[in-house]
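Visitor: Dropping a structure here in structure tokens format, bear with me for questions.
The values are calculated or read from the model by the stated rules, or taken from the named source; none is laboratory data. From a predicted model like this one, the values you see are computed outputs, not experimental measurements. Every residue, glycine among them, receives a Cβ derived from its backbone with ideal geometry; neighbour counts consider all protein chains shown. Only protein heavy atoms, including side chains, enter the accessible area calculation; ligands, DNA and RNA are left aside. Shrake-Rupley method; radii C 1.70, N 1.55, O 1.52, S 1.80 Å.
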Amino acid sequence: MTGGSVVVEGLTRRFGALTAVRELTFSVAAGELFGLVGPDGAGKTTTLRMLAGVLRPSAGDALLGGRSVAREPDHVRPQIAYMPQRFGLYEDLTVRENLSFYADLYRVPRAERPARLERLYAFSNLGPFQDRLAGKLSGGMKQKLSLSCALIHRPAILLLDEPTFGVDPISRRDLWLILTEMIAEGVTVILSTAYMDEAERCDRVALLNEGLVLALDTPAALRAGLEGAVVAIRAEDARRARDVLRQLSDIRRASLFGETVHAVVAEWVGADSLRRELSAAGVRVLDARRVEPSLEDVFIQRVAGEEAHA
Amino acid sequence: MSGMGISLTRLLAVSRKEWIQLRRDPRSMALAFVLPLLMLLLFGYAITWDVRELDLAVLDQDGTSASRSLVEAFEASGYFTVVERLEAYREADAAVGAGDAASVLVIPPGFAADLSARRGAAVQLLLDGADANSATIAFGFADAIVDGFSRRVVLEGRTVEPAIDARIRTLYNPTLESRNMIVPGLIGVIMMTIAAMLTALTIAREWERGTMEQLASTPATRVEIVLGKLLPYVAIGVLDVAVTAVAGVLVFGVPFRGSVVIFLGQTVLFLVGALGLGVFISAAAKTQLVATQVALIATLLPAMLLSGFLFEIRSMPPLLQGITYLVPARYYITATRGVMLKGVGPETLWVQAAFMVGFAALGLFAATRVFRKEIA
């Protein structure tokens, strides 16, 4: 399957006074796994909706497989599949009824259906539940059914809005197995995610904030672009540790990552010096060490940098 | 594979999906199959303009055989039942005011004497004007009874050929049963309401449940979605009309003189229009609650009040008469009454058919136009 490239040019969407997506421009090669990452309200969903042709751009355009979504959506739709963030299938239809409804909508030839269904059931482990109403499935199974319906017509481009949001770890792994398989077959995947480990799997990632692209590169390049080093500190009182670190002159940034404080420091600042400073301030440090910067570090720095400029 | 043009596969897929959903939704099933019959029975028994057995109070101050035979004439007519005998004139007002009697017949003293003296006797009839309709009818009956009574008194056995002998024959509804008028009209009112309500739910439900977003991203066009959604409801609507008409004939004894084919043809046209209107409301409202309420108000009231079902259109003020042309039930009710009671065919009903084709086209056009495959 070829021709699944996506070219986004100046894509913009305004809702009244609010500009949800601002002149978005990027290209995704056929067969690429492309991630949209950003906080709530960054414009991820709006972007995917415009690419899926369910929301008209205020300005700009996107070419999916060479066809304009603004001007010829009828030519775009058969080659894409879109999975909205909110479960979009019919809860009062069974698993099988939902699948055959979507197979009909995309006019999948009858002769090919049994083989495709068998494969999708094998992928998703939904086979034993074919006659169950979609509304009675667990969250993870619903997402797998959604993805199966999206794949029934073998789209060249998959648009997925937070496909693993709120899904149990097993189903999440299943979903990624399916995606990996699709990418291996040459399907282009554009997905939004709030999970950094998922962003790490992408070929390239666009960091979105307030409708703007802050950075766009491979995860490795994005991490390499982080200025300074990261020291991860575990302390008895993580919150206090962060507050103390923020007072120090060598610290560019200190943020809580769960129970750990990530301090972005100048290259020459060692973990030991931070430990001493914290102990002097009366914070008991359990552990302090240099770590590889994660996408989350990059992301926080970029977003914060944006706010500092504003 | 091209996404252009109308695909029957997709249209039927939408119909099938809609039918499955309908089948599994008890609320819609009740709306589709139980409510029409329930409404027919309820309205069919409740609404009647026939005035029979009017409660009559009598104040006979004369107390003669002449006055008694006048009262007997009232009772013998079948239209009045004497429920109360009054003693004094002041009780008359109280009897009507309390609702004990709808009318009071007052026969003054000297009634018999006046009659035999050929002076021209007077009687008084007090009517409860609060129910203007019944009062008018009661007046008509009373007038006729008194007229007949006085002629008998004047002639006293002799016979005279009247100057003009009016022989009135009522066509199509010889017994003037109001039910015969009501049942065909009711079919129109019921179907207008049910059809619009049923489809009002369908698209609003897709928006509310979030299924529209994914549907909108597929190659299904809005024409396929709208027509596909309408198809099962047209089938249900035709079935409903058939069942209601049969019930009207069997339960209420309404005649069916015309052609079943013409009847069903008019029904399909009307349903497509009414269902299209429902889709239009549904697509514009986007929530099921708003959609059903708007559909109910937009269909039930005009269909009841402005279609000629309850009130004669010709006696409405000109402005309201003008508005009735916009009420599709007007044409359908004319058609159902025409087919059922008069047995008229296309030579008369083509006007109604033309208006309903227009209504159906408008309904479909509005439905597909307002329904945009776009969220937000």
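Visitor: So which of A:Thr25, A:Thr46 ends up being within 28 Å of A:Gly139 (Cα to Cα), under 19 Å from the mean Cα position of the chain (by Cα) and either more than 9 Å from chain B (Cβ to nearest Cβ) or among the polar types (S, T, N, Q) (or both)?
Guide: Going through A:Thr25, A:Thr46 in turn, the sole match is A:Thr46.
Visitor: Moving to a separate point now. Go through region B:35-131 and tell me which helices (runs of 4 or more DSSP H), entirely inside it, have 3 or more residues that are of a type in the set (Gly, Ala, Ser). Step through it out loud before you land on a result.
Guide: Working: elements: B:35-46, B:65-76, B:90-97, B:111-116.
Those helices (runs of 4 or more DSSP H) span B:65-76, B:90-97, B:111-116.
Visitor: Going through region B:280-312 one residue at a time, which ones are open to solvent by less than 20 Å² (accessible area, probe 1.4 Å) and part of a helix (DSSP H, G or I)? It would help to see each step written out before you state the result.
Guide: Let us first name the residues in region B:280-312 that are open to solvent by less than 20 Å² (accessible area, probe 1.4 Å), namely B:281-283, B:291, B:295, B:299, B:303, B:307-309.
Result: B:Ile281, B:Ser282, B:Ala283, B:Ala291, B:Ala295, B:Thr299, B:Ala303.
Visitor: Can we say B:Gln321 is among the polar types (S, T, N, Q), surrounded by fewer than 24 Cβ atoms within 10 Å (Cβ to Cβ), free of Cβ contacts under 8 Å to residues at least 60 places away in the same chain and touching a helix residue (DSSP H, G or I) at 6+ places or on another chain (Cβ under 9 Å)? Steps first, answer last, please.
Guide: On the way: among the polar types (S, T, N, Q): yes; surrounded by fewer than 24 Cβ atoms within 10 Å (Cβ to Cβ): yes; free of Cβ contacts under 8 Å to residues at least 60 places away in the same chain: yes; touching a helix residue (DSSP H, G or I) at 6+ places or on another chain (Cβ under 9 Å): yes.
Answer is yes for this residue.
Visitor: Still on this model: Tally the residues that are under 25 Å from the mean Cα position of the chain (by Cα), within 7 Å of another protein chain (Cβ to nearest Cβ) and not hydrophobic (A, V, I, L, M, F, W, C), restricting the search to region A:49-89.
Guide: So the count comes out to 9.
Visitor: Also: Taking strands (runs of 3 or more DSSP E) that do not extend beyond region A:1-76, which have at least 3 residues that are surrounded by fewer than 22 Cβ atoms within 10 Å (Cβ to Cβ), out of contact with any Ser or Thr (no Cβ under 7 Å at 6 or more places or on another chain) and at negative phi? Steps first, answer last, please.
Guide: On the way: elements: A:6-15, A:18-28, A:33-37, A:59-64.
Those strands (runs of 3 or more DSSP E) span A:18-28.
Visitor: Does region B:274-291 contain any residue that is under 28 Å from B:Ser178 (Cβ atoms) and either more than 19 Å from the chain's Cα centre (by Cα) or modelled with pLDDT under 90 (or both)?
Guide: Within region B:274-291, the first condition is being under 28 Å from B:Ser178 (Cβ atoms), and the residues that meet it are B:274.
Cutting the leftovers down to either more than 19 Å from the chain's Cα centre (by Cα) or modelled with pLDDT under 90 (or both) gives us B:274.
For region B:274-291, residues under 28 Å from B:Ser178 (Cβ atoms) and either more than 19 Å from the chain's Cα centre (by Cα) or modelled with pLDDT under 90 (or both): present.
Visitor: Which residues, taken from region A:90-140, are under 25 Å from A:Gln79 (Cα atoms), part of a helix (DSSP H, G or I), within 12 Å of chain B (Cβ to nearest Cβ) and not aliphatic (A, V, I, L, M)?
Guide: Within region A:90-140, A:Arg96, A:Glu97, A:Asn98, A:Ser100, A:Phe101, A:Tyr102, A:Asp104, A:Arg110 meet the criteria.
Yes/no per residue for (1) within 27 Å of the chain's Cα centre (by Cα); (2) surrounded by fewer than 19 Cβ atoms within 10 Å (Cβ to Cβ):
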| site | (1), (2) |
| --- | --- |
| A:Asn209 | yes, no |
| A:Leu212 | yes, yes |
| A:Ala221 | yes, yes |
| A:Ala235 | no, no |
| A:Asp243 | no, yes |
| A:Arg246 | no, yes |
| A:Ser249 | no, yes |
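Visitor: Being open to solvent by less than 30 Å² (accessible area, probe 1.4 Å), more than 14 Å from chain A (Cβ to nearest Cβ) and over 25 Å from the mean Cα position of the chain (by Cα) is the filter here, so list the residues in region B:334-376 that pass it.
Guide: Selection gives B:Ala366, B:Ala367, B:Thr368.
Visitor: Now a separate question. Among the residues that make up region A:126-135, is at least one of them touching a residue at least 40 places away in the same chain (Cβ under 8 Å) and among the hydrophobic types (A, V, I, L, M, F, W, C)? Before you say what the answer is, go through the steps one by one.
Guide: So in region A:126-135, the residues touching a residue at least 40 places away in the same chain (Cβ under 8 Å) come out as A:133-135.
Now narrow it down to the ones that are among the hydrophobic types (A, V, I, L, M, F, W, C): A:133-134.
There is at least one residue in region A:126-135 that is touching a residue at least 40 places away in the same chain (Cβ under 8 Å) and among the hydrophobic types (A, V, I, L, M, F, W, C).
Visitor: A:Leu24 is checked against (1) of a type in the set (A, V, I, L, M, F, W, C); (2) out of contact with any helix residue (DSSP H, G or I) (no Cβ under 8 Å at 6 or more places or on another chain); (3) under 14 Å from A:Val213 (Cβ atoms) and fails just one. What number does that condition carry?
Guide: It is condition (2) that A:Leu24 fails.
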